[in-house]
Amino acid sequence: MSIEIRDLRKAFGPKIVLSGVSLEVRDGETLAVIGSSGVGKSVLLKTIVGLLTPDAGTVVVDGREVRTLGREELYELRRRVGYVFQFAALFDSMTVFDNVAMGLRRMRLPPEQVADRVEEALDRVELLGYGDRLPAELSGGQRKRVGLARAVAFRPKYLLYDEPTTGLDPVTTTVIDTLIRKMSSDLGVTSVVITHDMTSAYRVAGRIAMLFEGRIRFIGTPDEIRAAADPVVRGFVEGRPDLMQGVA
Ligand SMILES: Nc1ncnc2c1ncn2[C@@H]1O[C@H](COP(=O)(O)OP(=O)(O)O)[C@@H](O)[C@H]1O
Ligand SMILES: [Mg+2]
């Protein structure tokens, strides 16, 4: 079982964002999706969990097409497919504990189980003992880890990370990348990591897919992407936009 995306299309009014994305996320792998700002990476990720509905094409998760799921089934899907939001999306007035517990309470788990799972999740992101803090009392990296804990508390099969290291300093970036690898090995989750940071992509991913002008321009291992001849791929990987100009 895995995630299979076929010929996905999505436009907002006249703006075509995805114009035929096909992509398979293999069981157990960590796939990085790279691409310039505004290319549609978040749109792609949101479509996987049914936060956005595609205009055409299909997303199949564990054999079920997301678009056909009813409300309850969508909730169930979102527990199975943890989504780590770009800006952590924490509630500022709630403690770390309550931020992580919120979704579990909505599942109507008994309070002892909620507490156990929150502790377990905070432990996994190395924030044990931070439950009583407020988000404002945390660093940027710690806030991102709370966002991760919130997804992990559901014991998901998949983790989707939207730019987990954007805006972080290099040291904190390394901490987060290490955590992403740890989640993959400790929990056996299948992961999709959206990033525009090549260092992170090389560090966490077994395969890297590049989104460009609405489609997957390239997919391959880190070695394969390093060796790619396509000027669009090279331009991005080497941070040389001049190579990407005027090519289609
Ligand atoms: N809900 C929305 N309504 C209208 N336009 C949107 C919406 N979400 C995203 N877009 C547009 O789609 C494009 C891709 O956005 P996004 O997926 O967020 O890019 P990124 O690759 O940086 O994550 C952008 O031009 C953005 O403005
Ligand atoms: Mg984005």
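Out of the residues in segment 17-58 that are farther than 24 Å from R234 by Cα and in a strand (DSSP E or B), state the one that is nearest to the chain's Cα centre (by Cα). Filtering first and then ranking leaves T58. Being at pLDDT below 95 and over 28 Å from V171 (Cα atoms) holds for only one residue in L51, L44, L90, L148, and it is L51.
Can you name every residue in segment 180-197 that is within 16 Å of ligand 2 (Cβ to nearest atom) and over 13 Å from the mean Cα position of the chain (by Cα)? Correct list: D197 only. Report yes if some residue within segment 123-145 is surrounded by 17 or more Cβ atoms within 10 Å (Cβ to Cβ), in contact (Cβ under 8 Å) with a residue 60 or more places away in the chain, on the phi < 0 side of the Ramachandran plot and not in a loop (DSSP other than H, G, I, E, B); otherwise report no. Yes, that holds for at least one residue. Among the residues of segment 183-193, are any in a strand (DSSP E or B), over 16 Å from F85 (Cβ atoms) and at pLDDT 95 or above? Within segment 183-193, one or more residues are in a strand (DSSP E or B), over 16 Å from F85 (Cβ atoms) and at pLDDT 95 or above.
Which residue pairs have Cβ atoms closer than 8 Å, lie 6 or more positions apart in sequence or on different chains, and pair a first residue in segment 18-38 that is without any contact (Cβ under 8 Å) to a residue 60 or more places away in the chain with a second residue that is away from ligand 2 (no atom under 13 Å from the Cβ) and outside any loop (DSSP other than H, G, I, E, B)? Note: pairs meeting the criteria are E24/I3; E24/E4; E24/I5. When the residues of segment 59-74 are narrowed to those that are within 16 Å of S2 (Cα to Cα) and either hydrophobic (A, V, I, L, M, F, W, C) or assigned to a strand (DSSP E or B) (or both), which ends up farthest from ligand 1 (Cβ to nearest atom)? Across segment 59-74, the extreme among qualifying residues is R64.
The values are calculated or read from the model by the stated rules, or taken from the named source; none is laboratory data. These numbers were taken from a predicted model, which means no experiment stands behind them. Reconstructed Cβ throughout: ideal geometry from the backbone, glycine too, with neighbour counts over all protein chains shown.
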